[in-house]
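The values are calculated or read from the model by the stated rules, or taken from the named source; none is laboratory data. From a predicted model like this one, the values you see are computed outputs, not experimental measurements. Neighbour counts are summed over all protein chains in view; Cβ atoms, including those assigned to glycine, are modelled from backbone coordinates with ideal geometry.
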Amino acid sequence: MQHVVIGLGKTGIELARYLKKHHQAILVMDSRAKPPELPAWRAIQTDQDRCILGQLNWSEVNNNSTIWLSPGLPPNLLPDDALVARSIQIKSDIDILMTRQQRPKIIAVTGSNGKSTVVEMIQHLLKINGFSSAIAGNNARPAVTLIDNHVDYWIVEVSSFQLHYSADFSPDVGLLLNISVDHQDWHQSMLHYINSKIKCINRASCAIVYRPILSNTPIKNTKLISFDDDNPSADWTTINQQIYAAGKPITGVIHMPIQRLNLLAAFATIHALVDQPVVEVYQPKLPYRLALTAVINDCYWYNDSKATNIAAMQAALQTINHIHSQPIVVLILGGFAKCESIPEIDDTLFQIVKCVIAFGQAADWISHWVPKSTQVVRCEHLIDTMTIADRQSHDADVVLFSPACASFDQYTSYLERGRHFDELLRNISETVSC
């Protein structure tokens, strides 16, 4: 059987490395002429392997082959029906985890926001209960790197891209944290996006789901655990801002609803896996997730480059309002818009925003949904926003960089975008201190 890897990014090269250990030859294709991991591929390529660059030539794929897809390949580039007619299997990178015999238990976490935070929370809870685990998936480490990792649990952060193509991925526990409008440029409709997300839940041995999703989404799982903040109908909930288990409070007052929801999901998971587990409140610090980066002239500058959609940005505004108590905010938005429609916005959140600075490909789109009472300044690049924000901010103001957009118009990832923000901010700080 021929094995074909589509895409030579981080995931594609790791898939290629793994497949070459178990098969004599593979075919690699990428629509880009110079994909980022091409040098790494050249280092392991043999005369038996084939590589097609600059196009996806499906006629080169043999009948009865297996295609392994990297996340992010848009569905319109894949002729599904024609490939299926030739008995060609289409699989996501996460499906490869199911090929290992006697594998660890798999915990899969999906949702529009909060995945990385909840993954870190679950790993911490497993650790304090004496279990080893490894994390991978929709983050810096591809899922295939778990396959030779001998631990008690694999914790996989899975995206809608990976789930869309998934054929076999069936976790022991599947979490669906939330669903908000996201990736409409890729999925083409909200229905397709939701259907991809619930694949993770419907195939899981045990499903843990945010309770409001159940009211309008068909979940087909007989072992279902729900969670929600201050909702008596949920299996896991809060009373007076405290999380309860078996009728007893297991946390003190937690003021931020977002933090409570993340903890509810993590606590529900550890209780589903471990009898009478030890639990504790843990708030991981993730790169470029609402990080206080500098205080310049008594103004607070936050780097929230990880906020790549509207819901994440609104959550950041809520948190800033709690931390600073009715602050005056200069909000930097922009990047690549993941949908063309005008999103629903909670206008009350923008009562603390005195100015929005919109940059990049999405600047015009942003100007259409920011409340009319809020000033919008448009510019091209992030460096321009920094100059404007520095000029607009005064004593005790907050400058919040929470883009609400993808980074791919000007950066390779939100990480690169976050690093550039920090670099530009250092330049401002050095200028002020001179």
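Being farther than 23 Å from S407 by Cα and outside any loop (DSSP other than H, G, I, E, B) is the filter here, so list the residues in region 352-374 that pass it. Passing the criteria: I352, K354.
Looking only at residues that are within 27 Å of the chain's Cα centre (by Cα) and free of Cβ contacts under 8 Å to residues at least 60 places away in the same chain in region 40-68, which one is farthest from M1 (Cα to Cα)? The selected residue is A40. For I357, are the conditions met, namely being modelled with pLDDT of 95 or more and surrounded by fewer than 19 Cβ atoms within 10 Å (Cβ to Cβ)? No. Of the residues making up region 9-30, those that are in contact with a strand residue (DSSP E or B) (Cβ under 8 Å, 6 or more places away or on another chain) and either in contact (Cβ under 8 Å) with a residue 40 or more places away in the chain or not assigned by TED's automatic domain parsing to the domain that holds L78 (or both) number 3.
For beta carbons closer than 7 Å, sequence separation of 6+ or different chains, a first residue in region 240-252 that is closer than 15 Å to Q283 by Cβ and a second that is of a type in the set (F, W, Y), the qualifying pairs are I243/F267.
The set of residues from region 268-284 being assigned to a helix (DSSP H, G or I) and either under 15 Å from I258 (Cα atoms) or not hydroxyl-bearing (S, T, Y) (or both) comprises A268, I270, H271, A272, L273.
Scanning region 22-63 for residues that are surrounded by fewer than 17 Cβ atoms within 10 Å (Cβ to Cβ) and within 17 Å of D95 (Cβ to Cβ), we see that the one that is modelled with the lowest pLDDT is H23. Filtering V274, V253, V330, V278 for residues that are β-branched (V, I, T) and surrounded by 21 or more Cβ atoms within 10 Å (Cβ to Cβ) leaves a single hit, V330. So, T110, is that one over 27 Å from M1 (Cα atoms), hydroxyl-bearing (S, T, Y) and out of contact with any Pro (no Cβ under 7 Å at 6 or more places or on another chain) or not? So T110 fits the description; yes.
Of all residues in region 323-357, exactly one satisfies the criterion of being over 19 Å from L425 (Cβ atoms), touching a Leu at 6+ places or on another chain (Cβ under 7 Å) and not β-branched (V, I, T), namely L349. You will find that of N262, N321, N309, N303, the residue that is over 22 Å from the mean Cα position of the chain (by Cα) and either surrounded by 15 or more Cβ atoms within 10 Å (Cβ to Cβ) or not assigned by TED's automatic domain parsing to the domain that holds S205 (or both) is N321 and no other.
Within region 1-17, the set of residues being surrounded by fewer than 22 Cβ atoms within 10 Å (Cβ to Cβ) and within 24 Å of the chain's Cα centre (by Cα) comprises G9, K10. Kindly establish whether A82 is aliphatic (A, V, I, L, M), in contact (Cβ under 8 Å) with a residue 12 or more places away in the chain, in a helix (DSSP H, G or I) and surrounded by fewer than 14 Cβ atoms within 10 Å (Cβ to Cβ). Yes, satisfied. Of all residues in region 366-396, exactly one satisfies the criterion of being farther than 15 Å from D304 by Cβ, crowded, with 21+ Cβ neighbours inside 10 Å and either not assigned by TED's automatic domain parsing to the domain that holds L415 or not aliphatic (A, V, I, L, M) (or both), namely S393.
Just checking, does region 226-243 include any residue being surrounded by 15 or more Cβ atoms within 10 Å (Cβ to Cβ) and either among the basic types (K, R) or in contact with a Cys (Cβ under 9 Å, 6 or more places away or on another chain) (or both)? Checked region 226-243: no residue is surrounded by 15 or more Cβ atoms within 10 Å (Cβ to Cβ) and either among the basic types (K, R) or in contact with a Cys (Cβ under 9 Å, 6 or more places away or on another chain) (or both).
If only residues of region 178-203 that are among the polar types (S, T, N, Q) and outside any loop (DSSP other than H, G, I, E, B) are counted, the one that is modelled with the highest pLDDT is N202. Set side by side, the residues L163, L175, L126 differ, and just one is in contact with a Ser or Thr (Cβ under 8 Å, 6 or more places away or on another chain), under 16 Å from A266 (Cβ atoms) and part of a helix (DSSP H, G or I), which is L126.
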